[in-house]
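Each remark here refers to the structure printed beneath this line.
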Amino acid sequence: MARNDEPRNSPERDNSRRTPLERRRFLRTLGALLAGGSLLAVAGAAGRRTSAARGDAYWQIDPGKCTQCGRCETHCVLPVSAVKCFHANRVCGYCDLCGGYYRSNVKELNTAAENLMCPTGAIARRYVEEPYFEYTIDEALCNGCGKCVKGCTSFGNGSLYLQINRDLCTDCNACRIADVCPSDAISRVPVSHPYNLKE
Ligand code: SF4
Ligand code: SF4
Ligand code: SF4
């Protein structure tokens, strides 16, 4: 097909020839596809654990109730919390000045440690095209502190949020974090729906 005959939303269409609105839609579609892959992986992992579940429900966080108090990092029985930051690509604005990536009042948007919100370096930032940036979480480095989630919720679209990773959680009879959660954000969910995803 000649390039002029390409559909406007074709993935093959030269990205530089898209209007700003088209580029934004394209990025969201790309994000949704990437997120779809992540969700399939999550669903597969959850399915593997379902057979080992003791009851018919798992502990999980309601992102709508969580106030990012910090106790998810400090009160899990595991040495490093089973709570991790999740990223909803479809909700993300691909912002240059990301409230989850940068601390507030930074003087320069660079990767100097003093400018970054995440204390463990778990968030990677990748330039897509002006003025869009993609953010991904390295879950192995995340400790569930929720600092990025608070920043994104306060200044951005709320695309970063906390969830208990079902592959890591030992499904305690009484979740230690639920015991101390100040906003009653952790409750049992059916094994068939082990995550409260924003996608
Ligand atoms: S303890 Fe509750 S409010 Fe605090 S970060 Fe965890 S889920 Fe959110
Ligand atoms: S700021 Fe905290 S919750 Fe966010 S990615 Fe880093 S370690 Fe995880
Ligand atoms: S159920 Fe246990 S292992 Fe899972 S998040 Fe709560 S305290 Fe951590």
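Being under 20 Å from PRO79 (Cβ atoms), part of a loop (DSSP other than H, G, I, E, B), in contact with a Ser or Thr (Cβ under 8 Å, 6 or more places away or on another chain) and among the aliphatic types (A, V, I, L, M) is a condition met by no residue of the range 159-178. Reported count of residues in the range 179-199, each being at pLDDT 95 or above, in contact with a helix residue (DSSP H, G or I) (Cβ under 8 Å, 6 or more places away or on another chain), more than 19 Å from GLU73 (Cβ to Cβ) and not hydroxyl-bearing (Ser, Thr, Tyr), is 3.
Within the set SER183, SER192, SER104, SER159, the sole residue that is hydroxyl-bearing (Ser, Thr, Tyr) and within 16 Å of ligand 1 (Cβ to nearest atom) turns out to be SER183. If you go through the range 167-180 and keep only what is crowded, with 16+ Cβ neighbours inside 10 Å and either farther than 15 Å from GLN60 by Cβ or near ligand 1 (Cβ under 6 Å from one of its atoms) (or both), you end up with just ILE177. Taking first residues from the range 158-180 that are on the phi > 0 side of the Ramachandran plot and partners that are within 15 Å of ligand 1 (Cβ to nearest atom) and outside any loop (DSSP other than H, G, I, E, B), the Cβ contacts under 8 Å between residues at least 6 apart in sequence or on separate chains come to GLY158/CYS152; ASP171/TYR58; ASP171/TRP59. For the range 115-133, the count of residues that are in contact (Cβ under 8 Å) with a residue 60 or more places away in the chain, part of a loop (DSSP other than H, G, I, E, B), closer than 30 Å to CYS169 by Cα and not hydroxyl-bearing (Ser, Thr, Tyr) is zero. Selection of the range 136-150 for residues being of a type in the set (Gly, Ala, Ser) and either on the phi < 0 side of the Ramachandran plot or more than 16 Å from ligand 3 (Cβ to nearest atom) (or both) yields only ALA140. Of all residues in the range 63-114, those being touching a residue at least 40 places away in the same chain (Cβ under 8 Å) and among the charged types (D, E, K, R) number 6. Scanning the range 95-135 for residues that are of a type in the set (A, V, I, L, M) and either within 16 Å of ligand 3 (Cβ to nearest atom) or at pLDDT below 90 (or both) gives VAL106, LEU109, ALA112, ALA113.
Here the range 72-101 is the region considered, the condition is being buried (at least 19 other Cβ atoms within 10 Å of the Cβ) and not in a loop (DSSP other than H, G, I, E, B), and the residue that is nearest to ligand 1 (Cβ to nearest atom) is CYS72. Give me the residue from the range 118-158 that is near ligand 2 (Cβ under 6 Å from one of its atoms) and among the polar types (S, T, N, Q) and, out of that set, nearest to CYS72 (Cα to Cα). Per the criteria, the residue is ASN143. Within the range 64-81, track down each residue that is touching a helix residue (DSSP H, G or I) at 6+ places or on another chain (Cβ under 9 Å) and of a type in the set (Gly, Ala, Ser). Those that are touching a helix residue (DSSP H, G or I) at 6+ places or on another chain (Cβ under 9 Å) and of a type in the set (Gly, Ala, Ser): GLY70, SER81.
Being of a type in the set (A, V, I, L, M, F, W, C), assigned to a loop (DSSP other than H, G, I, E, B) and over 15 Å from the mean Cα position of the chain (by Cα) is the filter here, so list the residues in the range 179-199 that pass it. Passing the criteria: CYS181, ALA185, VAL191. Restricting attention to the range 138-150, the residues that are of a type in the set (A, V, I, L, M, F, W, C) and crowded, with 19+ Cβ neighbours inside 10 Å add up to 4.
The values are calculated or read from the model by the stated rules, or taken from the named source; none is laboratory data. Remember, predicted model here, so these are calculated numbers, not experimental data. Ideal geometry is used to build each Cβ from the backbone, glycine not excepted, and the neighbour counts take in all protein chains shown.
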